[in-house]
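Following: one structure in structure tokens, then a few remarks.
The values are calculated or read from the model by the stated rules, or taken from the named source; none is laboratory data. All values reported here derive from a predicted model rather than from experimental measurement. Neighbour counts run over all protein chains shown; Cβ positions are idealised from the backbone, glycine included.
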Amino acid sequence: MKDPLDTEGAERELFDAVAKLTVGRPLHVVWGVGMNLIVNAIRQSTAKRETAEAQFNELLGRGKSVLLDQHYDPVTGHRRSVFPFTQVIQMPFHDEGNVIFHGK
């Protein structure tokens, strides 16, 4: 699993550890674990409801921006390809000397 936020250091190390644990698990289980981590981290670090709500909205808003801006095409709405298409292949012109259409 690739880190969509391109984090470094301890954050990247923890992401890699969690990613290894989620391999082969159902998608709803992975979503539940991720949401539980977010909710518990905010709950344990924030005493006021309004601050908790602001942190939650900021975190999910940033995640939504990364998801949609980097991973989905705004024109087609489809997920972008994992592999960038940077090469264009063009066949060189080839004349077969067709006698039917050119009267040769």
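Kindly check whether there is at least one residue in the stretch 56-68 that is exposed (fewer than 13 other Cβ atoms within 10 Å of the Cβ), among the acidic types (Asp, Glu) and assigned to a loop (DSSP other than H, G, I, E, B). No, there is no match, as no residue in the stretch 56-68 is exposed (fewer than 13 other Cβ atoms within 10 Å of the Cβ), among the acidic types (Asp, Glu) and assigned to a loop (DSSP other than H, G, I, E, B).
Taking every residue in the stretch 24-43 that is aliphatic (A, V, I, L, M) and pairing it with any residue that is modelled with pLDDT of 95 or more, at least 6 positions away or on another chain, the pairs with Cβ-Cβ distances below 6 Å are Ile42/Ala52; Ile42/Gln55; Ile42/Phe56. Does Val18 satisfy being within 23 Å of Gln70 (Cα to Cα) and surrounded by 10 or more Cβ atoms within 10 Å (Cβ to Cβ)? Yes; evaluated as a whole, the condition is true for this residue. Close contacts from the stretch 65-79, counting a first residue that is touching a residue at least 12 places away in the same chain (Cβ under 8 Å) and a second that is in a loop (DSSP other than H, G, I, E, B) and among the basic types (Lys, Arg), with Cβ to Cβ under 8 Å and a gap of 6+ residues or different chains, come to Gln70/Arg80; His71/Arg80. Each residue in the stretch 63-101 was checked for being at pLDDT 80 or above and over 13 Å from the mean Cα position of the chain (by Cα), and 4 pass. The residue list Lys48, Lys20, Lys2 contains one member that is modelled with pLDDT of 95 or more and on the phi < 0 side of the Ramachandran plot, which is Lys48. Consider the stretch 30-53. How many of its residues are part of a helix (DSSP H, G or I), surrounded by 12 or more Cβ atoms within 10 Å (Cβ to Cβ) and more than 24 Å from the chain's Cα centre (by Cα)? Of the residues in the stretch 30-53, 3 are part of a helix (DSSP H, G or I), surrounded by 12 or more Cβ atoms within 10 Å (Cβ to Cβ) and more than 24 Å from the chain's Cα centre (by Cα).
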